[in-house]
Amino acid sequence: MIVGRDIKRVYGMGAVQVRALDGVSIEIQKGEFVGVMGSSGSGKSTLLHMLGLLDRPTSGFISIDGVDVGALDERSRTLFRLKRLGYVFQDYALVPELTAQENVYLPSMVRGMTPHECNLVCTEILGVVGLGDRIHHLPGELSGGEQQRVAIARALVNKPTILLADEPCANLDSQNSRIILDLFKKLNKNLHQTIVMVSHEEWHKSYFDRIIYMKDGVIDQQ
Ligand SMILES: Nc1ncnc2c1ncn2[C@@H]1O[C@H](COP(=O)(O)OP(=O)(O)OP(=O)(O)O)[C@@H](O)[C@H]1O
Ligand SMILES: [Mg+2]
């Protein structure tokens, strides 16, 4: 479960300040598939960065599975992020010189699995995202949709508490977007994976259990 209380993030402490988040309070239960929507600049990515421990709020409180993540030092935060959080980016962020399998390895190698264990786990998770026959392909040898599925496999490999995805379908056509959304829905339903996904597309709404609408750095109560 995620609890956020009065989260604020102010960028640029000089003359021009941007209040990217201006007091956001949220609760997300385990097993929810939550959409985050709202106009450009409303703070969606900033909120995801805070929940994904990629950045710290200027003020406010965040706890994930009962851990006050703001109180952790940098090293503990990094470990927490690696073990408990999965992050999917709009542009996939794969390493071009590494195969699909090696890209998925990265976060689990960091956690100290043996190469043999890594192999098994990575092959299994690539099978889950439907790429069991592409494990030795380089990103450049995969379609955009397949690359994003490698990135999703990488995010899932450590069985994260939450999967955070920031416009994961933004660079994909509707057919590939649907494959990603169907995959998220399956993970959510079968594995009770908690998913928080930012989207701009009206048609994605039907996949979400609930939608958080952002406006000018706050949750728009509509
Ligand atoms: N590193 C930064 N430094 C200064 N301002 C920033 C920074 N990152 C974001 N902002 C500002 O914070 C506000 C919220 O940005 P954010 O990226 O969270 O919006 P968003 O809702 O994700 O938008 P989009 O839909 O375009 O991705 C914007 O006004 C943006 O210009
Ligand atoms: Mg954004």
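Here, each number is a calculation from the coordinates, and none is a lab measurement. Being a predicted model, the structure only gives us computed values, none of them experimental. For neighbour counting, all protein chains shown are included, and Cβ atoms are generated from backbone atoms with ideal geometry for every residue, glycine included.
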Exercise. How much length is gained on full extension from K215 to S76, taking 0.36 nm per residue of separation minus their Cα-Cα distance?
Worked result: 46.8 nm
Exercise. Which angle from 0 to 90°, rounded to the nearest 10, does the C-alpha axis of helix 144-156 make with the longest principal axis of the chain?
Worked result: 80
Problem set entry | Ellipsoid semi-axes in whole angstrom, largest first, where each is sqrt(5λ) of the Cα gyration tensor of the stretch 13-83 | 22, 18, 11
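Which FRET efficiency, nearest 0.05, do D173 and V18 yield, Cβ-Cβ r, R0 25 Å?
0.15
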Problem set entry | Distribution of pairwise C-alpha distances over the stretch 95-222, 10 Å bins, in % | 12, 41, 32, 12, 3, 0
Exercise. Of the residues M197, M13, M109, which exhibits the maximal mean-square fluctuation in a Gaussian network model of the chain defined by a 10 Å Cα contact cut-off?
Worked result: M13
Exercise. Taking only DSSP H segments of four or more residues, each worth -39500 (n - 2.57), what value at 222 nm results for the chain once the sum is divided by all its residues, to the nearest 500 deg cm²/dmol?
Worked result: -10500 deg cm²/dmol
Exercise. Once both axes come from the Cα atoms, what is the angle between helix 74-84 and the longest principal axis of the chain, in degrees from 0 to 90, rounded to 10?
Worked result: 60
Problem set entry | Counted charge near R134, where neighbours are those whose Cβ lies closer than 15 Å (Asp, Glu -1; Lys, Arg +1) | -3
Problem set entry | Translational diffusion coefficient (Stokes-Einstein; Kirkwood radius from C-alpha pairs) of the stretch 55-95 at 20 °C, 1.002 mPa s, in µm²/s | 182
Seminar exercise, completed: In nm, the gap between the two label points placed 7 Å beyond Cα toward Cβ at E27 and D65 is 2.0
Exercise. Taking only the alpha carbons of the chain, what extent do you get along each of the three principal axes, in Å, biggest first?
Worked result: 50, 40, 35
